[in-house]
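A.B. asks: After the structure tokens below, expect a handful of questions from me.
No value in this document is a laboratory result; all are computed from the given coordinates. None of these values were measured; they are calculated from a predicted model. Positions of Cβ are backbone-derived with ideal geometry, glycine not excepted, and every protein chain shown enters the neighbour counts.
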Amino acid sequence: MVFIKVLLILLALYLVLCGVLYWVQEKMIFFPQKLSQNFSFSFRSYEEISIKTNDGPILHSLLFKADQSKGVIFYLHGNAGSVSSWGELAVIYTSLGYDVFMPDYRGYGKSEGKIYSEQQFFDDMQRAYELLKRTYDESNIVVLGYSIGTSVATKIAADNRPKMLILEAPFYSLSDLVKNIYPFLPGFILKYKFRTDQFIRRCTMPVVIFHGDRDEIIYPGSSLKLKELMKPTDTLIMLKGEYHNGISTNGVYLSEIKKLL
């Protein structure tokens, strides 16, 4: 009898935990850095561009220009910070002759509103992509996603016709990642599925994945599983000895990205 009571108490606590996690999961997935509207960036040359979302809030983005542009990188950054820090990576691509268009998600940087659903997240970035198409032909657009940005990057690529899709430290799906880290949590409590595995099957353009083989945040097996769904002509490059946050400055990455672009 005592055992049953203890079991019921543990079950009740587990259900309460699941309920709490369901309602606060945005705080566990997204870690925005908020900037004031008059914040001045320290980059040498950039243009600030506003993106109006379907339901009203304005997203903020930065456009970095190459001296002689042969296209643009649509850069979808990770789940923490803002373009004030992510923008430091733009020089990697501008030095190779590509402009870089980098939007901040809702609640990040100078962007208004807050993220409340997966579909809204996708819709916002589709609006950003459509704005980009007013200036650049799709044959000159490369979609690049990092970490949390890889899933939406894959969705954008699948729904449009960019020149190439580059993914850095992607996850198979958010459900798969959570299961790998917290196997005791039921998948149904996740409002955000981020099914990269479904989107990548519809990508007709060349796809290149970079993943550190010592990634401590998104396990490298995620990319190995995605590779099984990719076209035979697509590429997976595992970076030996690399962790999650060092991909963009990894020597092999810089060498390979130069070949790609």
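A.B. asks: Taking one equal scatterer on every alpha-carbon of the stretch 131-261, how large is log10 of I(q)/I(0) by Debye at q = 0.14, 0.15 1/Å?
C.D. replies: -0.61, -0.69
A.B. asks: Ranked highest first by the average count of other Cβ atoms within 10 Å around their residues, in what order do 138-144, 234-240 fall?
C.D. replies: My ranking of the peptides, most packed first, is 138-144, 234-240.
A.B. asks: Still on this structure, I have one more. Beyond 23 Å, what share of the Cα-Cα pairs of the stretch 32-260 remains, rounded to the nearest whole percent?
C.D. replies: Tail of P(r) above 23 Å: 45 percent of Cα pairs.
A.B. asks: For the stretch 191-206, just list the computed ³J(HN,Hα) in residue order, Karplus coefficients 6.51, -1.76 and 1.60, θ = phi - 60°, integers in Hz, with x standing in for Gly and Pro.
C.D. replies: 7, 10, 8, 6, 7, 3, 4, 6, 5, 5, 5, 9, 7, 8, 7, x
A.B. asks: Calculate how many DSSP beta bridges within the chain are antiparallel, expressed in % of all such bridges and rounded to the nearest 5.
C.D. replies: The antiparallel fraction comes to roughly 30 percent.
A.B. asks: Cα to Cα, under 29 Å, and not fewer than 8 places away if on the same chain: which lysines meet these conditions relative to Lys259?
C.D. replies: Result set, ordered by chain and number: Lys65, Lys70, Lys133, Lys155, Lys163, Lys225, Lys227, Lys231, Lys240.
A.B. asks: Between Ser36 and Arg127, what is the label-to-label distance in nm when each label sits 7 Å out along the Cα-to-Cβ direction?
C.D. replies: A separation of 2.6 nm, rounded to one decimal place.
A.B. asks: Which value at 222 nm does the chain reach when only helices count, each DSSP H run of 4 or more adding -39,500 (n - 2.57), with the total divided by all residues and rounded to the nearest 500 deg cm²/dmol?
C.D. replies: Taking each H run of at least 4 residues, the total per residue is -11000 deg cm²/dmol.
A.B. asks: How do the peptides 151-161, 198-208, 105-115, 243-253 rank, highest first, by the average count of neighbouring beta carbon atoms within 10 Å per residue?
C.D. replies: Order by mean packing, descending: 151-161, 105-115, 198-208, 243-253.
A.B. asks: A further question follows. Which helices of the chain meet both criteria: a Cα extent of 15 Å or more along the helical axis and a mean Kyte-Doolittle score no lower than 1.6, with helices taken as whole DSSP H segments?
C.D. replies: Those that clear 15 Å and a mean of 1.6 are 2-29.
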